[in-house]
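The values are calculated or read from the model by the stated rules, or taken from the named source; none is laboratory data. Small disclaimer: the values here were computed from a predicted structure and weren't measured. Counting neighbours? That spans all protein chains shown, and the Cβs are built from the backbone with ideal geometry, glycine included. To get the accessible areas, we keep the full protein, side chains included, count just its heavy atoms, and leave off ligands, DNA and RNA. Shrake-Rupley method; radii C 1.70, N 1.55, O 1.52, S 1.80 Å.
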Amino acid sequence: MQDVKTKSLSDYRKFCKEALDDDFLRQAMDNFATAYRANRINAFADVNERELIGHIADAKDEAIQRLPELFEEFKAKAEAAGVHVHLAKTAREANELIAKIARDNDVKKIIKSKSMTAEETHLNHHLESEFEVVETDLGEWIIQMRKEGPSHMVMPAIHLSRYQVRDLFTDVTGKQQDSDIQKLVKVARRELRRHFAEADMGISGGNFAVAETGTIGLVTNEGNARLVSTLPRVHVALCGLDKLTPTIHDALRVLKALPRNATGQALTSYITWITGANECATTTDGKKEMHVVFLDNGRSAMAEDKDFSQVMRCVRCGACANVCPVYRLVGGHKMGHVYIGAIGLILTYFFHGRDKAKNLVQNCINCGACKEVCAAGIDLPRLIKEVHARTVEEEGHPLYSTLLGKLMKNRKLFHTLLRTAKVGQVPMKDKEGFLRHLPLMFFKEHNFRALPTVADKPFRDMWKEIEPRLKGSGLRVGLFAGCVQDFVYPEQMDAAVKVLEKKDVQMAFPMDQSCCGLPLQMMGEMSHAAEVAEQNVSAFDPAEYDYIITLCASCASHLKHNYPKLLEDNAAMKVKVQQFADKVIDFSSFVRDVLGYDTDDFKTVAVTEKTTYHAPCHLCRGLGVKEAPQDLIQKSGLDYAKADEEDVCCGFGGTFSVKFPEESRELLNKKLDNIKKTGAKQLLTDCPGCVMQLRGGARRRGDSIKVRHIAEALAERLK
């Protein structure tokens, strides 16, 4: 069990910094993350991934609504086969029930195979005062001896080096051990063998509980679960209610995704199905005593929650951690309590309490990588933000977020403040559009990037001068600027107008629009975020436009996906917000797919200097746009050089970079290092927030690369 003993966000940041200073952990996580991405792609090469995930999600949702019925069906079938079936309402009840089973059977030694549900209940801690308990999964055995919790749901000891394991095994055996991995495995096998032979009781988890047959399914790579469930005279399987599945067909469907998503394997080494009590020569009746303990621990209530019922789909593959840029930096002990990764941030709130979750949920950069790979199609980023919002409601809104919410919902006051900043920044402004001195000069951890100045003239003040005077029946679009491109980077909007004007697009810029409100949602200020959403939807009459275009990937994703959710209980806005969301489109998709820009629209003279691209998280994952920008770069005659991990987060994340500057800095440096390796002189992207992060970071590092929005590059290349 890892316990995040941090009350304040400041304490939690210091806790995370321990991991940032661990060079081995950082290198191990980097190596794993890079290899995992390639292995997963290969594993799903012959599978329609989206279709499979959709089928799993649908089947899981159906099962979630039938949990009481499925439990009764499983219970009847299993008991008919000689199995004792129990239902524990709480973690403590489950632990006491298992301890009683052990006492009733005069158990002295218990062996266990990997079970996250047992970690959830802290079963070992409960049993170890009365029984000898030995974990038999290699990783679990290692962390048990180190008195740690797992740092990954599938690979619990991923945070440890072979040298650390060698030293541990040396202490355990009393003999100096070699650091060769195969030799260490042999040591573990030798040490564990006697425990298998001596154990009176085996405890396993359960990946599946098949209702139609009363069968438990186990998915493993080491084979120890088969020994745990067959050798001792008593076997207890501990399963969450969410593992109930109607048929073997449903379980096999999940098996097509689970190993591919967890470790990049087409299939794990062992798939074990247990129906009924096995034979056992050491008992009087020749039969093993078998128990299945189902744990509720809030699952039944979660199944009825309209927002969080989808969490019950989770198959515990751990993929959400595998692709998470923050997990990659700090590891599972810093990004989880028992359950880790994106799903762990949510489950911690429900299973282990608000106090342990409140800081964890803020350490999400909202990049969407977890959602993209989730084997059950869970909208993890949205649910993490919802947990944060609930904790804020329960504990009270911080003063800074309350004030920002009040400010941003008052458009005129917010814009007046931005205009005032233009005057106040003069003493700190340099000739290149950066602040010479960080205003927060007493917070040196934020000085890893140069900050931009507020523009001399916001886009809204430029609009009357540059508005195209086009007439006719061409496409009519509404331009959504957001606050950054309106007041900080108006030149990006100006460039977009030139690109659209070339194709005779009629444009309008509603003056009542404001910030999209995403920062408020990230801070848990849901009511204020909803008010801002209503203001923006009201500013645009969807019936007047064919499309609503934004050059900000984060704004586009928020407007399209979050606005309908924010206003779903607003009867007056429900239809209008959906019409609005349906018409939102990002700049690159509009230019390529709607306007049909091609090589003939750009200058024929090619550019010899290389240009690379950073794919914003909310564009490539939030909107699923993965080819349009790169295609336009090449069609415009620019020499495109793809960077390593082009679609991995740059570390901005809006308010994330303010709350976790150390992590933001590390992600930024990794991104800039990959960009530098391309030899490109120009870096393009589709998000002003990414421009701010990357341009400011490059400036601070002294990297000689021009960072721009793709609209600016395309406008320059027009014939």
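About its Cα centre, what dipole magnitude does region 88-227 give when the only charges are +1 on Lys and Arg Cβ and -1 on Asp and Glu Cβ, stated in debye to the nearest 20?
420 debye
What is the distance in Å between the Cα centres of region 612-636 and region 211-236?
47 Å
So what is the relative contact order for the chain, in percent, with contacts set as C-alpha pairs under 8 Å and at least six apart?
Numbers: 1287 pairs, mean separation 84.8, N = 719.
Averaging sequence separation for qualifying contacts and normalising by length gives 12 percent for the chain.
Using Cα centres only, tell me the gap between region 698-719 and region 259-295 in whole Å.
Answer, in whole Å: 58.
To the nearest 500 deg cm²/dmol, what mean residue ellipticity at 222 nm is calculated for the chain from DSSP H runs of n ≥ 4 alone, each contributing -39,500 (n - 2.57), summed and divided by the residues?
The helix-only estimate for the chain comes to -14000 deg cm²/dmol at 222 nm.
How much length, in nm to one decimal, is gained on full extension between residue 197 and residue 417, taken as 0.36 nm per residue of separation minus their Cα-Cα distance? Can you show the working numbers first?
Values: separation 220, 0.36 × 220 = 79.20 nm, distance 7.33 nm.
Computed gain between residue 197 and residue 417 is 71.9 nm.
Kindly provide the trypsin sites (Lys or Arg not before Pro) of region 457-533 that DSSP labels as loop, not H, G, I, E or B, and whose Cβ sees at most 11 other Cβ atoms within 10 Å.
Numbers: sites: 460, 464, 469, 471, 476, 498, 502, 503; in loops: 469, 471, 502, 503.
Those that pass, being in a loop and sparsely packed, are 469, 471.
To the nearest 10 degrees, how steeply does helix 526-539 sit against the main Cα axis of the chain, on a 0 to 90 scale?
Result, in degrees: 40.
Tell me the trypsin sites (Lys or Arg not before Pro) within region 110-150 that lie in a loop according to DSSP and have at most 12 other beta-carbon atoms within 10 Å.
Hits after loop and neighbour filter: 147.
Would you mind checking region 212-242 for residues with the amide N under 20 Å from a putative spin-label position 7 Å along Cα→C-beta of residue 72?
212-215, 241-242
Mind putting a number on the dipole of region 220-285 about its Cα centre? Charges go on the C-beta only, +1 for Lys and Arg and -1 for Asp and Glu, and I need it in Debye to the nearest 20.
My answer is approximately 240 debye.
Each residue of region 640-647 in turn: what ³J(HN,Hα) in whole Hz from Karplus with 6.51, -1.76, 1.60 and θ = phi - 60°, glycine and Pro shown as x?
The phi angles translate into 7, 10, 6, 7, 4, 6, 4, 9 Hz.
Just going by the charge dipole of region 266-323, with Lys and Arg at +1 and Asp and Glu at -1 on Cβ, which of 323, 269, 298 is farthest out on the positive end?
So the residue furthest toward the plus end is 323.
Once you have the Cα-Cα distance between residue 90 and residue 132, take 0.36 nm times their residue separation minus that, and quote the gain in nm to one decimal.
Full extension from residue 90 to residue 132 adds 12.8 nm.
I'd like the antiparallel share, as a percent to the nearest 5, of DSSP beta bridges with both residues in the chain.
Just about 25 percent of them are antiparallel.
Can you give the FRET efficiency to the nearest 0.05 for residue 706 and residue 106, using r as the Cβ-Cβ distance and R₀ = 60 Å? It would help to have the intermediate numbers written out before the result.
Working: r = 76 Å, r/R0 = 1.26.
The value I calculate is 0.20.
Averaged over every viewing direction, what's the projected area of the C-alpha convex hull for region 331-426? Give it in nm², one decimal, please.
Across all orientations, region 331-426 yields a mean hull projection of 8.7 nm².
Along the charge dipole of the chain, Cβ charges K/R +1 and D/E -1, which of 492, 154, 482 sits furthest on the positive end?
Of 492, 154, 482, it is 492.
Which lysines does residue 464 reach when only Cα atoms under 26 Å apart count, and residues fewer than 8 places away in its own chain are ignored?
409, 412, 422, 498, 502, 503, 583, 719
Using 7 Å Cα-to-Cβ label points, what is the residue 48/residue 79 separation (nm, one decimal)?
4.2 nm
Compare the Cα positions of 657, 335, 56 along the charge dipole of the chain (+1 at Cβ of Lys, Arg; -1 at Cβ of Asp, Glu; about the Cα centre) and return the one farthest towards the positive end.
657
Set the Förster radius R0 to 45 Å, insert the Cβ-Cβ distance between residue 18 and residue 511 as r into 1/(1 + (r/R0)^6), and round the FRET efficiency to 0.05.
0.35
Over region 317-371, give the accessible area per residue in Å² for a 1.4 Å probe, as an integer.
So region 317-371 comes to 17 Å² accessible per residue, rounded to a whole number.
In debye, nearest 20: dipole of the chain around its Cα centre with unit charges on the Cβ of K, R (+) and D, E (-)?
1820 debye
Can you tell me the 0 to 90 degree angle between the C-alpha axis of helix 661-677 and the longest principal axis of the chain, rounded to 10?
It works out to around 70 degrees.
Give me, ordered by chain and number, the residues 5 or more places off residue 133 or on other chains with an amide H under 5 Å from its own placed amide H.
Sorted by chain and number, the residues that satisfy this are 110.
Given q = 0.09, 0.10, 0.11, 0.12 Å⁻¹, what are the Debye log10 I(q)/I(0) values for the chain, with equal point scatterers placed on the Cα positions and solvent ignored?
-0.84, -1.00, -1.16, -1.32
Let me understand region 1-130 better: what is its radius of gyration from the alpha carbons, and its Dmax, in angstrom?
Cα radius of gyration and Dmax of region 1-130 are 21.6, 56 Å respectively.
Over region 180-260, what is the mean sequence separation of C-alpha contacts under 8 Å (at least six apart), divided by residue count, expressed as relative contact order in percent?
Worked out over region 180-260, it gives 33 percent.
Do any cysteines of the chain lack a neighbour Cys whose Cβ is under 4.7 Å away, and which are they?
Those would be 16, 239, 280, 314, 317, 324, 364, 374, 620, 650, since no other cysteine Cβ in the chain comes under 4.7 Å of theirs.
Counting only protein heavy atoms and using a 1.4 Å probe, what share of the accessible area of the chain belongs to carbon plus sulfur, as a whole percent?
51 percent
Just subtract the alpha-carbon distance of residue 183 and residue 461 from 0.36 nm times their residue separation and send over the number in nm, one decimal.
Difference between extended and current length: 93.0 nm.
Using alpha-carbon positions, what is the distance between the centroids of region 515-586 and region 132-173, in Å?
So the two Cα centres are separated by 48 Å.
Given the convex hull over the Cα atoms of region 396-546, what projected area results after averaging over all orientations, in nm²? If you can, show how the numbers build up before the last one.
Values: hull surface 43.6 nm².
Over all viewing directions, region 396-546 projects a mean Cα-hull area of 10.9 nm².
Let me know the longest stretch in the chain that avoids all chymotrypsin sites (Phe, Trp or Tyr not before Pro) found in a DSSP loop with at most 11 other C-beta atoms within 10 Å.
No qualifying site falls inside 1-441, the longest such stretch.
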